[in-house]
Amino acid sequence: MKGNIWNSLLLAGVLSTTLLACKTRKLAGTVKPPATVTELSSRKAENINLLKSKDFVFNTLAIKTKAKIDIDGSKNNATMNIRMEKGKRIWVSITALAGIEIARALITPDSVKVRNNFQSVYLKKPFSYLHRYANKQLSFDWLESILSGNTIADFVNEKATINVNNGLWVLEGEKEALAFKVFFDSLLKVSENNINDINVGQALKVVYVGAYHDIDGALLPKGAIISSRVGDKNVDIELEYSSIERNVTLEFPFTVPGRYEVLH
């Protein structure tokens, strides 16, 4: 398909991406997980609520990140600007080293739009198009959680089990055909997600960098390493977060010039 590599680059990068009224425009510092670990409660509901309370809360979120992307052995470096409006949309702009925007995407719970400036082509598909690059149960909420380092709501419930392994909390269970295992650090932030569907040869692994950006008391990972295996497709993304803004007014511009060819 024409423009396939740049569409793949953008979509892979995306895989790799409420209550407080603060407006943070700079990083307040970094936080490393302490040596001490919180003990498990005998009540599972208390443990679940505690894990959820550590999530990074936002209405809007803007992240600038350096990205290293490897798609089936084809490697690219780029800068990604990611903007999110909670529960509504994720906007991504990818620029090359020269500062030229090569692609832009707008993802909603229902649709995926990709504008490839490099080859002047445009793609509009239902959200399920992303399942080419990840498990078929991947949802918009999953993307938000992965990019913000939060727990995935489908996993963090009382059907899952929580144990302590080497002094750290581990949550595991099954979601329909998926087996998941989530590791937490001593801050009770997600340190690693492992999601597998052995029956169809699909796997998604997300590992977060050990230190966090402190955004007015809320913690966002300094980066993430995302690995997706779907059939014979292999995608590896390394993200390093730099500039971060939370709960500021954001724009999500997405227009398509008339000369762009529509891909089907």
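The values are calculated or read from the model by the stated rules, or taken from the named source; none is laboratory data. Everything numeric here is computed off the predicted structure, so don't read it as measured data. All Cβ positions, glycine included, derive from the backbone under ideal geometry; neighbour counts span all protein chains shown.
Can you say whether E174 is over 29 Å from G217 (Cα atoms), over 20 Å from the mean Cα position of the chain (by Cα) and of a type outside the set (K, R), as far as the supplied structure shows?
yes
Only a single criterion out of (1) surrounded by 16 or more Cβ atoms within 10 Å (Cβ to Cβ); (2) part of a strand (DSSP E or B); (3) modelled with pLDDT under 95 is not satisfied by L9, namely (2). For the range 174-195, which positions are assigned to a strand (DSSP E or B) and surrounded by fewer than 18 Cβ atoms within 10 Å (Cβ to Cβ)? Selection gives E174, K175, A179, K181, E192, N194. Taken over the range 41-58, the criterion of being surrounded by 13 or more Cβ atoms within 10 Å (Cβ to Cβ), assigned to a helix (DSSP H, G or I) and of a type in the set (D, E, K, R) is satisfied by K44, K52. In the range 131-150, is there at least one residue being more than 14 Å from the chain's Cα centre (by Cα), surrounded by fewer than 21 Cβ atoms within 10 Å (Cβ to Cβ) and of a type in the set (G, A, S)? No, the range 131-150 contains no residue that is more than 14 Å from the chain's Cα centre (by Cα), surrounded by fewer than 21 Cβ atoms within 10 Å (Cβ to Cβ) and of a type in the set (G, A, S). Pairing each residue of the range 191-211 that is closer than 22 Å to S242 by Cα with any residue that is modelled with pLDDT under 85 and assigned to a loop (DSSP other than H, G, I, E, B), provided the two are 6+ apart or on different chains, yields C-beta distances under 9 Å for S191/P33; S191/G210; V206/S16; G210/K32; G210/P33; A211/K32; A211/P33.
Residues in the range 248-264 that are in a loop (DSSP other than H, G, I, E, B) and either charged (D, E, K, R) or surrounded by 13 or more Cβ atoms within 10 Å (Cβ to Cβ) (or both): V248, L250, E251, F252, F254, V256, R259, Y260.
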